1. Could you tell me which of the residues 81, 38, 104 is in contact with a strand residue (DSSP E or B) (Cβ under 9 Å, 6 or more places away or on another chain), more than 18 Å from residue 153 (Cβ to Cβ) and touching a residue at least 12 places away in the same chain (Cβ under 8 Å)?
2. Pairs please, first residue from region 114-128 and under 17 Å from residue 89 (Cβ atoms), second anywhere and within 6 Å of the ligand (Cβ to nearest atom) and of a type in the set (D, E, K, R), Cβ atoms under 9 Å, 6+ apart in sequence or on different chains.
3. Evaluate region 35-53: report whether one residue or more is small (Gly, Ala, Ser), within 27 Å of residue 148 (Cβ to Cβ), within 16 Å of the ligand (Cβ to nearest atom) and outside any loop (DSSP other than H, G, I, E, B).
4. Could you please give the count of residues in region 66-102 that are part of a helix (DSSP H, G or I) and within 11 Å of the ligand (Cβ to nearest atom)?
5. Just the residues that are surrounded by 15 or more Cβ atoms within 10 Å (Cβ to Cβ), within 12 Å of the ligand (Cβ to nearest atom) and polar (S, T, N, Q), please, taken from region 108-142.
6. Go through (1) closer than 20 Å to residue 29 by Cβ; (2) of a type in the set (D, E, K, R); (3) touching a Gly at 6+ places or on another chain (Cβ under 8 Å) and name the single condition residue 74 misses.
7. All but one of (1) within 14 Å of the ligand (Cβ to nearest atom); (2) over 14 Å from the mean Cα position of the chain (by Cα); (3) over 18 Å from residue 79 (Cβ atoms) hold for residue 148; which doesn't?
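Every number here is computed from the coordinates shown, using simple stated rules; none is lab data. In this text the structure is predicted, and so the values were computed from the model without any measurement. Here the Cβ positions follow ideal geometry from the backbone for every residue, glycine too, while neighbour counts run over all protein chains shown.
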Amino acid sequence: MSGERRLRIRAATEEDLPHIVRLDAEAFPSDPYPYFVLRQLLASFPDFVFVVEDGGEDGGKLGGYVLSTPPDAERSWILSLGIAPELRGQGLGRRLMTQILGHLRVRGVRSVSLSVEPGNDSAVALYRSLGFVPDPDGPRKDYFGPGAHRLLMTLSL
Ligand SMILES: CC(C)(COP(=O)(O)OP(=O)(O)OC[C@H]1O[C@@H](n2cnc3c(N)ncnc32)[C@H](O)[C@@H]1OP(=O)(O)O)[C@@H](O)C(=O)NCCC(=O)NCCS
């Protein structure tokens with residue numbers, strides 16, 4: 001990463017929605033969230049969507065996003081995390097996760113869960129390195145529908 005780049009993590013705004021839609025489609029090309037779902041998630045949980053802005057004089061381009069739920073009985077879910085393909089491997093995913101986990105912790109969250117495709121080695125490695133523990137029973141078959149198995153991982157804060 002160039003030392004001149006100014007990368008800033010901030011809460012998302014409604015204006016970010018088209019960019020989050022683009023990032024989500026890049027991160028999950030075969031199964032992106034529909035536009036209307038992302039809009040409703042952003043409207044429902046505006047304080048729980050963070051973006052990373054690649055700062056520039058034109059106001060900056062978004063390079064990634066993370067989306068979680070507010071706590072319910074001290075538990076939250078990470079619903080999505082995506083970094084633009086050209087910006088991967090530079091620590092942004094870790095920074096976004098660290099930021100959202102700190103945000104959740106100070107709001108009383110004690111347990112954070114997420115689901116991940118079992119073969120998504122980079123995401124599983126990231127989550128493990130942050131302290132997430134995989135469900136000992138292994139991936140849940142057909143969790144997101146036929147053939148869409150998912151590994152559930154949980155972090156105790
Ligand atoms: C998974 C994803 C969010 C990681 O973001 P990133 O910015 O590339 O990750 P970082 O550079 O912050 O790396 C953090 C850790 O992830 C793991 N990781 C990242 N890229 C990796 C790779 N190519 N292979 C193995 N592990 C990798 C490592 O543990 C790394 O830690 P390290 O830097 O100490 O080695 C990104 O690859 C992405 O958007 N993928 C597509 C969408 C996706 O799969 N989202 C998660 C779904 S649950």
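1. 38
2. That search, which allows pairs on different chains as well, returns 122/88; 126/94.
3. Scanning region 35-53, I find no residue that is small (Gly, Ala, Ser), within 27 Å of residue 148 (Cβ to Cβ), within 16 Å of the ligand (Cβ to nearest atom) and outside any loop (DSSP other than H, G, I, E, B), so the answer is no.
4. Matching residues across region 66-102 total 10.
5. 113, 115
6. Only one criterion is unmet by residue 74, namely (1).
7. (3)
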